[in-house]
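Here's the structure we're looking at; comments come further down.
The values are calculated or read from the model by the stated rules, or taken from the named source; none is laboratory data. Since this is a predicted model, take the numbers as computed values, not measurements. Heads up, the Cβs are rebuilt from the backbone with ideal geometry, glycines too, and the neighbour counts pull from every protein chain shown.
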Amino acid sequence: MGWESRRGGSVYYKSVRVDGQPKKVYMGKGAAAQAQAAKVTQAQQQRQAERDAWQREQARVGDAEQHLRDLRALADLLVRATLLSAGFHEH
């Protein structure tokens, strides 16, 4: 949820789910609210960093998987050619 402006200044609300429904929980406007906001921001940044790392890993693995698929297709072609030249055929 985040900070919201009120007449007395900015107050911090945290968004939570209660029985599957989103709810706003008042956290205050003092040092405790700022600490909670910093904690939430840090958790969001950590999750984003983990997502970025996962995407980089998937891209790296994706390249290797493509090479493996190419190699398998080439091996299948070689086996098929060898079998056909030996007199075997596919039904």
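Of SER15, SER85, all but one fail to be without any contact (Cβ under 8 Å) to a residue 12 or more places away in the chain and of a type in the set (Ser, Thr, Tyr); the exception is SER85.
None of VAL25, VAL18 is at pLDDT 85 or above and loosely packed, with under 10 Cβ neighbours inside 10 Å except VAL18.
This table checks each residue for (1) more than 29 Å from the chain's Cα centre (by Cα); (2) β-branched (Val, Ile, Thr).
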position: GLY9; (1), (2): yes, no
position: TYR12; (1), (2): no, no
position: TYR26; (1), (2): yes, no
position: GLN42; (1), (2): no, no
position: GLN46; (1), (2): no, no
position: ARG51; (1), (2): no, no
position: ARG56; (1), (2): no, no
position: LEU68; (1), (2): no, no
position: THR82; (1), (2): yes, yes
